[in-house]
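Visitor: Input: one structure, supplied below.
No value in this document is a laboratory result; all are computed from the given coordinates. Not measured: the values here are computed from a predicted model. Using ideal geometry, Cβ is built from the backbone for each residue, glycine included, and neighbour counts are taken over all protein chains shown.
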Amino acid sequence: MNVGILGYGTIGRAIAAGLREHDAVRSIAATTRRRVSLGDSAVTLLASNAELATQSDVVFACVKPFQLEGVLREVAPFLKPETLLVSTAASVRLDQLHAWANGHRLIARAMPNMPCRIGEGMTVLCARELPPEKLELARSLFATLGRALIIDESLMDAATGLSGCGPAYIYLVIEALTDAGVKLGFSHAVARELVAQTVLGSARMVLESDEHPAALKMAVTTPAGCTVDGLMELEDGKLRSTLLRAAVAAATRSAELAS
Ligand SMILES: NC(=O)c1ccc[n+]([C@@H]2O[C@H](COP(=O)([O-])OP(=O)(O)OC[C@H]3O[C@@H](n4cnc5c(N)ncnc54)[C@H](OP(=O)(O)O)[C@@H]3O)[C@@H](O)[C@H]2O)c1
C-alpha cells in the first residue's frame with residue numbers, strides 16, 4: 001500500500017520511521033508547508049497535499065489541530081473512496097473529521113505518542129461506522145510502531161492526557177533524577193544512563209509481569225533499608241497525587257479544546 005503523511009513534523013516523522021519496515025507498505029510520501037530536509041531516503045516529499053491524497057491508500061493527517069480543517073477540506077476531493085484517512089490530531093472529534101472530509105467515509109481517529117519513532121509508541125484509536133477490516137488495518141499499522149488499542153471515542157481525551165502527553169511527564173522525571181545523579185557525583189552522561197535504563201527496565205517489568213506496580217515496588221523495598229526513605233520523600237512531595245492531577249489536567253484541557 002502507498003502511505004501518505006500530511007504534515008511531516010514530530011508525529012509524521014515518527015510514523016514514517018516506523019512504517020518504513022512494514023511489509024505491506026510500498027511507498028511513503030509526505031508533505032509540509034516549507035521545503036525541509038527529509039533525512040530519510042525512504043520518504044518522498046511531494047509538492048502538494050492533493051497529489052499525496054490522489055496516490056495514497058492510507059493518509060495520516062499529522063498537522064496541528066488548528067490546521068486540520070483547512071487541510072482536510074483541501075484533500076477531501078482527491079481521496080479515493082477506499083482510502084483510509086487517519087487523523088492524529090488531539091481534541092478533534094470524529095464528527096468534525098467527517099464534516100471536514102466532506103463525506104469521506106473511511107476515517108479513524110488516533111492518539112499516538114512520540115516513542116512511535118523508535119517502535120515503542122502507545123497509540124489508541126477509535127472510529128465510527130468504519131468497516132472492521134479498515135479499523136484493524138489502522139490498528140495494525142500503529143501496532144508496528146509499538147502498542148495499539150481500540151477504545152471508545154469518549155475516552156480519547158483521557159488517553160491524550162495519559163499516554164499522548166505522558167512522555168513529557170516521564171522526561172521530566174528522568175531530567176530530575178539525572179540532576180540527582182549529578183548532585184550525587186556522577187557525570188551527566190552516566191547519571192542519564194542510570195536513570196533512563198532504570199525507567200525502561202521498570203516499565204518492561206510492569207508490562208511483562210502480571211504484578212501490580214505496588215507489589216513490584218514492595219519487592220524493591222527492604223525492611224529498614226534505604227528505598228523506603230526515598231519513597232517517604234516522594235510521598236511527602238505528593239508525587240503520587242501530583243502525577244494523577246497532571247494527567248487529569250491535560251485530559252480536561254483536551255476535552256475543553258474539543259468542545
Ligand atoms: N507531538 C506529539 O507528541 C503528539 C502526540 C500525539 C498527537 N499529536 C498530534 O499530532 C499532530 C501533529 O503534531 P506535531 O507535534 O507532529 O506537530 P509539528 O511537529 O508542528 O508538525 C506539523 C507538520 O505539519 C506541517 N503542515 C502544517 N500545515 C500544513 C499544510 N497545510 N500542508 C502540509 N503540511 C502542513 C508542518 O509543516 P511546516 O513545518 O512546514 O509548517 C509540520 O511539518 C497534532 O495534531 C497533534 O495534536 C502530537
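Visitor: Any chance you could run the full-extension gain for Ser241 through Ser259? It's 0.36 nm times the residue separation minus the Cα-Cα distance, nm to one decimal.
Guide: Length gained between Ser241 and Ser259: 3.8 nm.
Visitor: In debye, nearest 20: dipole of the chain around its Cα centre with unit charges on the Cβ of K, R (+) and D, E (-)? Walk me through the numbers on the way to the answer.
Guide: Details: 25 positive and 27 negative charges, 146 e Å.
Dipole about the Cα centre, nearest 20: 700 debye.
Visitor: Right, something else. Once the dipole of the chain is set up with Lys and Arg at +1 and Asp and Glu at -1 on Cβ about the Cα centre, which of Leu85, Thr54, Val195 lies farthest towards its positive end?
Guide: The Cα lying farthest towards the positive end belongs to Thr54.
Visitor: How large is the helix-only mean residue ellipticity at 222 nm for the chain, computed as the sum of -39500 (n - 2.57) over DSSP H runs with n ≥ 4, divided by its residue count, in deg cm²/dmol to the nearest 500?
Guide: After summing the helix terms and dividing by the residues of the chain, the value is -15000 deg cm²/dmol.
Visitor: When a/c reaches 1.5 or more, the comparison of a/b and b/c decides; with that in mind, is the stretch 120-259 rounded, prolate or oblate per its Cα gyration tensor?
Guide: Values: a/c = 2.13, a/b = 1.87, b/c = 1.14.
Judged from the Cα gyration tensor, the stretch 120-259 comes out prolate (a/c at least 1.5, a/b above b/c).
Visitor: Taking the Cα centre of the stretch 1-83 as origin and charging only Cβ (+1 Lys, Arg; -1 Asp, Glu), how large is the dipole, in debye to the nearest 20?
Guide: In debye, rounded to 20, the stretch 1-83 gives about 320.
Visitor: Moving on to the next point. Working out 0.36 nm times the residue gap between Asp95 and Leu194, then minus their Cα-Cα distance, what length gain in nm do you get to one decimal?
Guide: Stretched out fully, the Asp95 to Leu194 stretch lengthens by 31.1 nm.
Visitor: Another one. By per-residue mean of other Cβ atoms within 10 Å, what is the highest-first order of 66-75, 145-154, 49-58?
Guide: 49-58, 66-75, 145-154
Visitor: According to the square roots a ≥ b ≥ c of the eigenvalues of the Cα gyration tensor, what is the shape class of the stretch 2-152, taking rounded for a/c under 1.5, prolate for a/b larger than b/c otherwise, and oblate for the remainder?
Guide: In terms of gyration-tensor shape, rounded.
Visitor: I need the peptides 13-25, 240-252 ranked by packing, meaning the mean over residues of other C-beta atoms within 10 angstrom, with the highest value on top. Please report the intermediate quantities before stating the final value.
Guide: Values: 13-25: 18.8, 240-252: 14.1.
Answer by packing, highest mean first, reads 13-25, 240-252.
Visitor: Then there's this: Sort the chain into rounded, prolate or oblate with this rule: let a ≥ b ≥ c be the square roots of the eigenvalues of the Cα gyration tensor; rounded if a/c is under 1.5, and if a/c is not under 1.5, prolate when a/b is larger than b/c, oblate otherwise.
Guide: prolate
Visitor: Just to be sure I understand: with springs between alpha-carbon atoms less than 10 Å apart, which residue in Gly225, Gly237, Gly181 has the highest mean-square fluctuation in the Gaussian network model of the chain?
Guide: Looking only at Gly225, Gly237, Gly181, the biggest GNM fluctuation is shown by Gly225.
Visitor: Using 0.36 nm times the number of residues separating Glu133 and Thr252, minus their current alpha carbon distance, what extension gain do you get?
Guide: On the way: separation 119, 0.36 × 119 = 42.84 nm, distance 3.20 nm.
Difference between extended and current length: 39.6 nm.
Visitor: Could you order peptides 204-211, 112-119, 157-164 by the average number of other Cβ atoms within 10 Å of their residues, highest first?
Guide: Details: 204-211: 10.0, 112-119: 19.8, 157-164: 22.6.
The peptides rank, most packed first, as 157-164, 112-119, 204-211.
Visitor: Given points 7 Å out from each Cα along the Cα-Cβ axis, report the Thr227 to His22 separation in nanometres with one decimal.
Guide: For the pair Thr227/His22, the computed spacing is 4.0 nm.
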